[in-house]
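Reading through the structure tokens given below for one structure.
FYI, it's all coordinate maths here, none of it is from the lab. None of the values given here were measured: they were computed from a predicted structure. With ideal geometry, Cβ positions are generated from the backbone for all residues, glycine too; neighbour counts draw on all protein chains shown.
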Amino acid sequence: MPGGGAEPAAVDVLIPCYGRQAELAVTLADLAGQEEPGFRVVPSDQTEEGPAWAHPAVAAMVRVLRCQGRPVQLERHLPRRGLAEQRHYLLSLATAPLVLYLDSDVWLEPDTLRRMAVALREAGCGFVGSAGQGLSYLPDERPPEQETFELWDGPVTPERVRRNEPGFSRWPLHNAANLTHLARDLDIPPGGWRLYKVAWVGGCVLFGRQALLDCGGFAFWDRLPPQHAGGDMAAQLKVMERYGGAGMVPSGAVHLEAPTTVPDRWVEAADVVLVP
């Protein structure tokens with residue numbers, strides 16, 4: 001098996017976990033197919049009945065990663081105080097210069113991590129995201145939702161995006177399989193990518209760790225009730241305003257289309273923590 005070697009990890013892959021044992025096994029399996037840069041995997045589990053890695057398939061993939069030389073740090077983090085607090089806890093464990101927040105229901109095609117890391121380095125911005133695609137929607141083309149697609153044709157620059165402002169209207173780009181349809185028409189060579197302007201990206205986002213820390217990370221978690229959504233969006237909008245951020249196409253990320261583990265979304269984090 002290819003190994004990560006003894007060198008310090010360039011990326012900490014931070015995975016918030018709750019239930020979803022089968023999906024987590026798939027997510028870990030796709031990480032075993034990433035060859036560079038070197039990375040460490042940190043799943044933080046909040047399943048009250050017992051850790052997800054007790055499931056045989058998850059345990060097997062943890063063993064595979066470790067046999068490859070990839071450090072895997074298994075964390076139990078209870079009680080549940082909401083996803084922003086879980087992400088804040090994960091960031092406190094990170095030491096690598098880059099951190100990838102990866103949902104436990106996302107599959108990455110081989111080479112996605114390398115493409116994201118190179119794209120982030122070349123762009124010099126705060127984050128690059130790969131939006132998860134719902135491939136069950138491949139027959140469902142939605143041209144009106146793709147109208148706001150705009151490539152970065154120069155440096156990725158800081159940009160203020162807020163709800164009810166023009167940039168936020170880009171959010172439908174990541175619905176269904178829109179990004180897959182857009183990538184099909186861009187004639188990007190194998191192994192290549194283009195960066196485009198986003199409102200925010202869910203499920204798979206690579207940050208410069210220091211940029212995220214400079215913008216406060218997820219320290220706003222204690223201003224939110226446990227039943228909230230959008231903590232990842234709030235953090236991204238803060239980083240985007242100071243350092244810039246972009247989406248990557250082709251995405252390379254596939255959403256496994258599992259039911260949400262956050263059904264109660266009565267508070268949107270961005271509405272609480274961001275200055276209008």
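Alpha-carbon geometry of segment 185-249: the Rg and the Dmax are 14.2, 45 Å, given in that order. The calculated 222 nm mean residue ellipticity attributable to helices in the chain amounts to -8000 deg cm²/dmol, summing -39500 (n - 2.57) over DSSP H runs of n ≥ 4 and dividing by all residues. In segment 26-182, a dipole from Cβ-located charges (positive for Lys and Arg, negative for Asp and Glu) runs towards its positive end, and of Val62, Gly33, Ser92 it is Ser92 whose Cα lies farthest in that direction. Comparing Leu135, Gln146, Pro79 along the charge dipole axis of the chain, the residue lying farthest to the positive side is Pro79, per the Cβ-charge model. Think of the chain as having a plus end and a minus end, set by charges on the Cβ of Lys, Arg, Asp and Glu; of Trp221, Trp107, Pro16, Trp221 sits farthest toward the positive end of this dipole.
Exposure proxy for Met248, Met233: other Cβ atoms within 10 Å of each Cβ, ordered fewest to most, give Met233, Met248.
Annotation: the residues Phe39, Phe168, Phe127, sorted from fewest to most other C-beta atoms within 10 Å of their own C-beta, follow the order Phe168, Phe39, Phe127.
Model label sites at Ala10 and Ala22, defined 7 Å from Cα along the beta-carbon direction, differ in position by 3.5 nm. Computed about the Cα centre, the dipole magnitude for segment 116-199 is approximately 340 debye when only Lys and Arg (+1) and Asp and Glu (-1) carry charge, each at its Cβ. Counting 0.36 nm for each residue step from Ser169 to Leu78 and taking away their Cα separation leaves a gain of 29.1 nm. Measuring between their Cα centroids, segment 103-179 and segment 226-257 lie 8 Å from each other. Between Arg194 and Val249, the built amide H atoms are under 5 Å apart, and every one of these is 5 or more places off in sequence or on another chain.
Here the Debye sum runs over all C-alpha atoms of the chain as equal scatterers in vacuum, and log10 of I(q)/I(0) at q = 0.08, 0.11 Å⁻¹ comes out as -0.30, -0.58. Exposure proxy shown here: for Ser44, Ser251, the number of other Cβ atoms within 10 Å sets the order, fewest to most, as Ser44, Ser251.
Dipole size of the chain about its Cα centre, with +1 on Lys/Arg Cβ and -1 on Asp/Glu Cβ: approximately 600 debye, rounded to the nearest 20. Per-residue Karplus couplings for segment 94-107, computed as 6.51 cos²θ - 1.76 cosθ + 1.60 with θ equal to phi - 60°, are listed in order as 6, 10, 6, x, 10, 10, 10, 7, 10, 5, 7, 10, 10, 9 Hz, Gly and Pro entered as x.
Give the peptides 91-102, 180-191, 132-143 in descending order of average Cβ contacts within 10 Å, highest first. Provide the component values of the computation, followed by the final result.
Details: 91-102: 20.7, 180-191: 12.3, 132-143: 14.8.
Ranked from most to least packed, the peptides come out as 91-102, 132-143, 180-191.
Compute the distance in nm between two label points, each set 7 Å from the Cα along the Cα-to-Cβ direction, one at Asp185 and one at Thr157. Result: 2.7 nm between the two label points.
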